[in-house]
1. Under 17 Å Cα-Cα from LYS82, which lysines qualify once same-chain neighbours fewer than 8 residues away are excluded?
2. May I ask you to list the trypsin sites (Lys or Arg not before Pro) in segment 83-136 that are in a DSSP loop and have at most 15 other Cβ atoms within 10 Å of their Cβ?
3. Work out from phi, with θ = phi - 60° and the Karplus expression 6.51 cos²θ - 1.76 cosθ + 1.60, the ³J(HN,Hα) of each residue of segment 46-62, listed in order in whole Hz, and give x for Gly and Pro.
4. Which one of GLY35, ASN126, LEU100 is farthest out on the positive end of the charge dipole of the chain, using unit charges on Cβ (Lys, Arg +1; Asp, Glu -1) and the Cα centre as origin?
5. For Kirkwood radius over Cα pairs in Å, pick the label among (1) 15.0; (2) 15.8; (3) 19.2 that corresponds to the value derived from the coordinates.
6. What full-extension length gain, to one decimal in nm, is calculated for ARG123 and HIS61 as 0.36 nm per residue of separation minus the Cα-Cα distance?
7. For each of VAL50, VAL81, count neighbouring Cβ atoms within 10 Å of the residue's Cβ, then give the residues from fewest to most.
8. What distance in nm separates the two pseudo spin-label positions at ASN22 and PHE42, each 7 Å out from Cα along the beta-carbon direction?
Amino acid sequence: MPASVTRIEVMGPHMTKHHLDNGQVLHHFTQADTGHPHDHPFPFESVILVGGYEEHEFMLHPDGRYTIDCRQRLPGESHRVKADTVHRITRLLAGECWTLISPGAKVKEPGFYRFQRGRIYRRAWNGRWRRWLPAT
């Protein structure tokens with residue numbers, strides 16, 4: 001039996017989440033992400049259904065530096081995302097994009113990141129910006 005939509009969550013004018021009764025979530029994007037890079041509360045697997053996108057993944061290094069890896073995600077591909085992966089969708093490959101995610105268990109609170117003057121700052125979705133320091 002196909003999954004049914006149990007809830008629709010509008011994340012902004014260009015992103016909608018369709019929560020399914022089997023725990024998966026359909027993401028619908030109509031524009032690249034213009035906000036700060038972010039991580040997630042849980043790991044997940046993502047399948048690109050329609051459209052595809054390019055994203056930047058920010059690797060945060062123990063010395064406080066970061067590097068950026070540019071990736072292209074094409075229709076039919078799947079990939080795993082760790083909860084602490086910091087990323088931002090920078091370009092849609094078509095006018096819109098649909099993905100299907102299968103989330104794992106929640107492991108942390110999500111956050112947003114800002115990179116300024118050689119430093120990394122993080123804030124919880126409802127919190128204040130604080131300098132990010134690697135776990136020791």
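We did not get these values from a lab; they are worked out from the coordinates using the rules stated. Everything numeric in this text was worked out from a predicted model, so none of it was measured. Cβ: placed from backbone, ideal geometry, glycine included. Neighbour counts: every protein chain shown.
1. Qualifying lysines at Cα under 17 Å: LYS106, LYS108.
2. LYS106, LYS108, ARG117, ARG128
3. For segment 46-62, the Karplus-derived couplings read 10, 10, 7, 8, 9, x, x, 7, 10, 9, 9, 10, 9, 8, 8, 9, x Hz, x marking Gly and Pro.
4. Working it through, the farthest residue towards the positive pole turns out to be ASN126.
5. Structure-derived value, by its label: (2).
6. The ARG123-HIS61 span can extend by a further 20.5 nm.
7. VAL50, VAL81
8. So the two model labels end up 1.5 nm from each other.
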